[in-house]
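Values in this text are rule-based calculations from the coordinates and carry no lab data. The structure presented is a predicted model; accordingly, all values stated were derived computationally and were not measured. Neighbour counts run over all protein chains shown; Cβ positions are idealised from the backbone, glycine included.
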Amino acid sequence: MQIQIDSREHKEERERIEKQLDSLGVQHFVSKLYVGDYCNLDNPRHVVDRKKDLGEICGNVCQQHERFRAELIRAQEAGIHITILCEHGNGIKQLEDVYFWDNPRRKASPKAMQGWRLFEVLSTMSEKYGVDFQFCTKRQTGRRIMEILSNDG
């Protein structure tokens, strides 16, 4: 397996994940991807888009909705399947757990998105654009990327 890492991935995060991939013996290189952050060269029709936590996803679907949606449409039109891997941890292990997420931004801004609403938005995006949402901790990211990208048929 050889994983291509998008050159626009945050340097610190990329270096952290590269160390994890190195420890797993996975070859990798950095180059711009059409969509997503990680791609197995054996199957470029499936990519992983890494998100640091639910707060980042919330920003993507609220403040950056059109840009985020455009990327999902671009992938769909190109026949590329996206798995969004969220490094939230803290008991968020599957999409259904998002329903009960307590958004810390609500303390400062009571109108900030609640977990149940984010769950509804992500569920709709999953149905409409065929995107998968998976979750892990920061320590699991490299292994999860490898597992997700190697489980293609």
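Could you order the peptides 83-96, 100-113, 56-69 from most to least packed, using the average number of other C-beta atoms within 10 Å per residue?
My ranking of the peptides, most packed first, is 83-96, 56-69, 100-113.
For labels at Q76 and L41 in the simple 7 Å Cα→Cβ model, what's the distance in nm?
3.1
Which percentage, to the nearest 5, of the DSSP beta bridges contained in the chain is antiparallel?
30
Angle, helix 141-150 long axis vs. longest principal axis of the chain, Cα atoms, 0 to 90°, nearest 10?
70
Rounded, prolate or oblate: which fits the stretch 45-150, taking a ≥ b ≥ c as square roots of the Cα gyration tensor eigenvalues, rounded meaning a/c under 1.5, else prolate when a/b beats b/c?
In terms of gyration-tensor shape, oblate.
Distance between the C-alpha centers of the stretch 56-100 and the stretch 1-35? Whole Å please.
That distance is 19 Å.
Quick one: of K52/K111; K19/K93; K19/K107; K107/K138; K32/K128; K52/K107, which pairs are farther than 31 Å apart, Cα to Cα?
As for pairs spanning more than 31 Å Cα to Cα, those are K19/K107.
Nearest 0.05, what FRET efficiency do Q94 and K128 give at R0 = 22 Å with Cβ-Cβ as r? Could you put the intermediate results ahead of the total?
Values: r = 19 Å, r/R0 = 0.88.
With a Förster radius of 22 Å, E is 0.70.
Would you mind checking which residues have amide H under 5 Å from I84's amide H? H placed 1.01 Å from N; only 5 or more apart, or other chain.
Those lying under 5 Å, H to H, from I84 are D49, D132, F133, Q134.
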